[in-house]
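Notes follow once the structure below has been shown.
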Amino acid sequence: MKAERYPLPRHSDERGTLTAVEGERDVPFPIRRIYYIYEVDAGAHRGYHAHKTLKQLLICVHGSCRLLLDNGLERQVVRLSDPAEGLYIGEPIWREMFDFSPGAVLLALVSAPYDPSDYIRDYGEFLEYIRREQEGVE
Ligand code: T46
């Protein structure tokens, strides 16, 4: 599974803690866009897609949430709850986000501007895309 937990620096003193993330240093891509997800109702599920090329670092900067990750071969569920830990997704991986705690904020640092054509929103198409990639078919 090409999704990895990324520990991020914590700069803590008596005033609190600060975490900074630099593109191409703390994450292996230039940061071209950020977005954040918040005000998610309990029981809501989001995502249900994969990206063809987009690389992302997802950080739950407040509260917690879970992600189901599926690379076409295996599935795993990851819980994010630490603002000093990111989840790096650098490959086409099907993702679903759920179980947001009240007030949770999921921050995404990503490698490219918004491009709807980079999304694969059908699970069958995703499996086919993965199969073709593994076979080296254009
Ligand atoms: C991802 C997961 C983790 C924009 O206009 N610009 C943007 O940069 C983004 C990300 C979204 N939007 C619009 C498109 C939709 O009308 O915001 C609306 C909600 O987006 P979406 O349904 O794609 O949100 P999620 O939570 O299902 O997925 C998002 C990201 O889109 C996706 O890249 O990997 O979070």
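The values are calculated or read from the model by the stated rules, or taken from the named source; none is laboratory data. Note that this is a predicted model, so its numbers are computed, not measured. When we count neighbours, we look across all protein chains shown, and the Cβ atoms used for this are built from the backbone with ideal geometry, even at glycine. All accessible areas refer to the heavy atoms of the entire protein, side chains included, with ligands and DNA or RNA removed. Shrake-Rupley method; radii C 1.70, N 1.55, O 1.52, S 1.80 Å.
Numerical summary
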quantity	calculated
Which listed residue is without any contact (Cβ under 8 Å) to a residue 12 or more places away in the chain and more than 11 Å from the chain's Cα centre (by Cα), from E39, E74	E39
Residues that are in contact (Cβ under 8 Å) with a residue 24 or more places away in the chain and either more than 16 Å from the ligand (Cβ to nearest atom) or small (G, A, S) (or both), drawn from the stretch 118-138	L127, I130, R131, E133
Count - residues of the stretch 79-117 that are touching a residue at least 60 places away in the same chain (Cβ under 8 Å), acidic (D, E) and under 18 Å from V40 (Cα atoms)	0
Qualifying positions in the stretch 94-117 - open to solvent by less than 20 Å² (accessible area, probe 1.4 Å) and either more than 9 Å from the ligand (Cβ to nearest atom) or not hydrophobic (A, V, I, L, M, F, W, C) (or both)	W94, R95, F100, A104, L109
Strands (runs of 3 or more DSSP E) contained in the stretch 1-89 and holding at least 1 residues within 13 Å of the ligand (Cβ to nearest atom)	3-7, 33-37, 46-51, 56-62, 65-70, 75-80, 85-89
Some residue of the stretch 58-65 being within 27 Å of Y129 (Cβ to Cβ) and open to solvent by 40 Å² or more (accessible area, probe 1.4 Å)	no
Flag if P113 is within 12 Å of the chain's Cα centre (by Cα), assigned to a loop (DSSP other than H, G, I, E, B) and within 21 Å of K52 (Cα to Cα)	no
